[in-house]
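Colleague: My structure is below; once you've seen it, I'll send some questions.
The values are calculated or read from the model by the stated rules, or taken from the named source; none is laboratory data. Treat the numbers as computed from the prediction; the structure is a model and nothing was measured. In this analysis, Cβ positions are derived from the backbone assuming ideal geometry, glycine residues included, and neighbour counts consider all displayed protein chains. Just so you know, the surface numbers come from the protein's heavy atoms only, side chains and all, with ligands and any DNA or RNA stripped out. Shrake-Rupley method; radii C 1.70, N 1.55, O 1.52, S 1.80 Å.
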Amino acid sequence: MSTPEDEERLSPLAQRWPRASKFLLSGCAATVAELATFPLDLTKTRLQIQGEAALARLGDGARESAPYRGMVRTALGIVQEEGFLKLWQGVTPAIYRHIVYSGGRMVTYEHLREVVFGKSEDKHYPLWKSVIGGMMAGVVGQFLANPTDLVKVQMQMEGKRKLEGKPLRFRGVHHAFAKILAEGGIRGLWAGWVPNIQRAALVNMGDLTTYDTVKHYLVLNTPLEDNIMTHGLSSLCSGLVASILGTPADVIKSRIMNQPRDKQGRGLLYKSSTDCLIQAVQGEGFMSLYKGFLPSWLRMRSVQCDGRR
C-alpha cells in the first residue's frame, strides 16, 4: 500500500513544484520568443535613442550622425551598415533578462492571484485585483532583471557608436557586467531602475489585466471558447494597451541607461527620470515619448506566448 510520501515522490515534477515549473516554463518560452523577436527590440531601442536633444549639451563631438527614420529604415540601416547578424547584438543579456523577468513576474502574478487575492465565487478574477497583481508582478520581475536590461540596452547601441567613430565600451556580455560593476558598484547595475519598474508596472497593468478581462468577456459573451483564437484576440488587445501605457517610460529608461557617465558613474545628460522626461518633451516634442511604439507593440504581441493560456 502506497503512502502519501510515495505518491508525492512519484507525482510529476509540475505537481510537486508548481512554482518552479511555472518559472522554468515561462523562462524557456520567453527565451524562444526573445530570439525570434529581438530585431524588433533592437530597432525599438535605436529609435528611442535617435534624435536625443540632450546630446547637444556635450558639444559637436557628441552629436549623432543623420538619424534613421522609421522602423523599416532603421532595421535596413542596421543590416546595410553593420551587418545582418548585428540585428541580434545584445541578445545574450536580453535572454538573461527575460528568464528572470518573465519567470519572476508570472510566478509572482500567479501567486498573488491564487493565494493572496483569490478568485470570486464564480471563478472570475476581479479587475481591481488583476490591476494590483499585474503591477506588483511587473515591479518585482523588472527590479530583479534591471542589471541585465542595463547591459542589453548599452550593447544594443555599440554598433552605432562604432559607426560614429566612438570607442566601443565592452568586449562582451561578461565584460560589460564587470565594467559597470567596477565603475559604479552594485548601484551602477541598477541605473535607470526607477523608469524601468514604472514601465514594467504600466505594461503589466495593461497587458495582464486587459488579457484577463478581454478573454473573460469573449468566453462569456461570444461563441468563442477558451482556445488559441481567444488567446490571440486577447493578446492583440492587451499588447496594444500595454504599449500605449508603457512606451513613454520605456523611452526614458533606454535614454537613462545609455547616457554617458562620469568617473563616479553619474549621468552626464540626465539627473533623473523626471529631468529626462522634461528634456525630451521640451527638446523633441511630446510624441518623442512614443518613439519605437510600432516595433514595441509588434514585439509585445509576439512574445505573449509565455504560458498564460
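Colleague: Which of (1) of a type outside the set (Phe, Trp, Tyr); (2) under 19 Å from Ala53 (Cα atoms); (3) outside any helix (DSSP H, G or I) is the odd one out, the single condition Ala280 does not satisfy?
Modeller: (3)
Colleague: Go through Ile244, Ile252 for me and flag whichever is on the phi < 0 side of the Ramachandran plot, open to solvent by 60 Å² or more (accessible area, probe 1.4 Å) and in contact (Cβ under 8 Å) with a residue 12 or more places away in the chain.
Modeller: Values: Ile252 fails: open to solvent by 60 Å² or more (accessible area, probe 1.4 Å).
Within the list Ile244, Ile252, the selection yields Ile244.
Colleague: Looking at the stretch 156-201 only, could you name the residues that are open to solvent by 50 Å² or more (accessible area, probe 1.4 Å), assigned to a helix (DSSP H, G or I), hydrophobic (A, V, I, L, M, F, W, C) and without any contact (Cβ under 8 Å) to a residue 60 or more places away in the chain?
Modeller: Looking only at the stretch 156-201, we keep the residues that are open to solvent by 50 Å² or more (accessible area, probe 1.4 Å), and these are 161-168, 171, 174-175, 178-179, 181-183, 186-187, 190, 193-194, 198.
If we keep only those that are assigned to a helix (DSSP H, G or I) as well, we get 161-163, 174-175, 178-179, 181-183, 186-187, 193-194, 198.
With hydrophobic (A, V, I, L, M, F, W, C) added as a condition, the list becomes 163, 178, 181-182, 186, 193-194.
Within the stretch 156-201, Ala178, Leu181, Ala182, Ile186, Trp193 qualify.
Colleague: Please indicate, with yes or no, whether at least one residue in the stretch 112-119 is basic (Lys, Arg), over 22 Å from the mean Cα position of the chain (by Cα) and modelled with pLDDT under 75.
Modeller: Yes, there is a match, as at least one residue in the stretch 112-119 is basic (Lys, Arg), over 22 Å from the mean Cα position of the chain (by Cα) and modelled with pLDDT under 75.
Colleague: Is it true that Ser238 is of a type in the set (S, T, N, Q), without any contact (Cβ under 8 Å) to a residue 40 or more places away in the chain and either more than 21 Å from Val100 (Cα to Cα) or assigned to a loop (DSSP other than H, G, I, E, B) (or both)?
Modeller: Working: of a type in the set (S, T, N, Q): yes; without any contact (Cβ under 8 Å) to a residue 40 or more places away in the chain: no; either more than 21 Å from Val100 (Cα to Cα) or assigned to a loop (DSSP other than H, G, I, E, B) (or both): yes.
Considered against the rule, which asks whether it is of a type in the set (S, T, N, Q), without any contact (Cβ under 8 Å) to a residue 40 or more places away in the chain and either more than 21 Å from Val100 (Cα to Cα) or assigned to a loop (DSSP other than H, G, I, E, B) (or both), Ser238 comes out as no.
Colleague: What's the number of the only condition in (1) buried (at least 22 other Cβ atoms within 10 Å of the Cβ); (2) out of contact with any Gly (no Cβ under 8 Å at 6 or more places or on another chain) that Leu224 fails to meet?
Modeller: That leaves (1) as the condition not met.
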